[in-house]
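We did not get these values from a lab; they are worked out from the coordinates using the rules stated. On a predicted model such as this, the values are computed, not experimentally measured, just so you know. Cβ coordinates were reconstructed from backbone atoms using ideal geometry, including for glycine residues, and neighbour counts include every protein chain displayed.
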Amino acid sequence: MLPRDRAVDEIVAEAERQDDHWGENRQHSDLEWRVILGEEIGELDKQLVTLLAYSANHSQAAIDANVPLIEKAARKELIQALAVGLQWLEAMDRRATVIQLKTEIDRQAHRALDEEESHADV
């Protein structure tokens, strides 16, 4: 499996896990999605700061032993953040679809009214 395929599979799996936990069709505003994403980015940042601080303050042996664990935690946080981003995009697409459907329903209703009015004029 290519690295990109693996990464995408992990992001989709995490998005599905979050959907199972929080519900699939969450109706957050874009601001609420940004706050959720910001919280996830904050958790990633915390891991990256830990990585930098650890690398600067420990022996090479300790770094070799512990940095992979910190990097693994950072990767997990990044996957969670990207899954939230994916869900935000899905929410935007759902909203766009609803707007398109409402617009089409309105067009059809106006057409039907116009036809009724033209038949009434005859």
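List of remarks:
- Degrees separating the helix 3-22 axis from the principal Cα axis of the chain, which is the longest one: 70
- Modelled label positions at Met1 and Ala61, each set 7 Å beyond Cα in the direction of Cβ, lie 3.7 nm from each other.
- Among Asn57, Asn66, Asn25, residue whose mean-square fluctuation peaks in a GNM of the chain (springs only between Cα atoms under 10 Å): Asn57
- Cross-link reach list, aspartates and glutamates versus Lys72, counting only Cα pairs under 16 Å and skipping chain neighbours closer than eight places: Glu10, Glu14, Glu40, Glu43, Asp45, Asp64
- The chain: most fluctuating residue of Leu51, Leu82, Leu69 per GNM, C-alpha cutoff 10 Å: Leu69
- Expected-Rg normalisation [2.2 N^0.38 Å, Cα atoms] applied to the chain: 1.76
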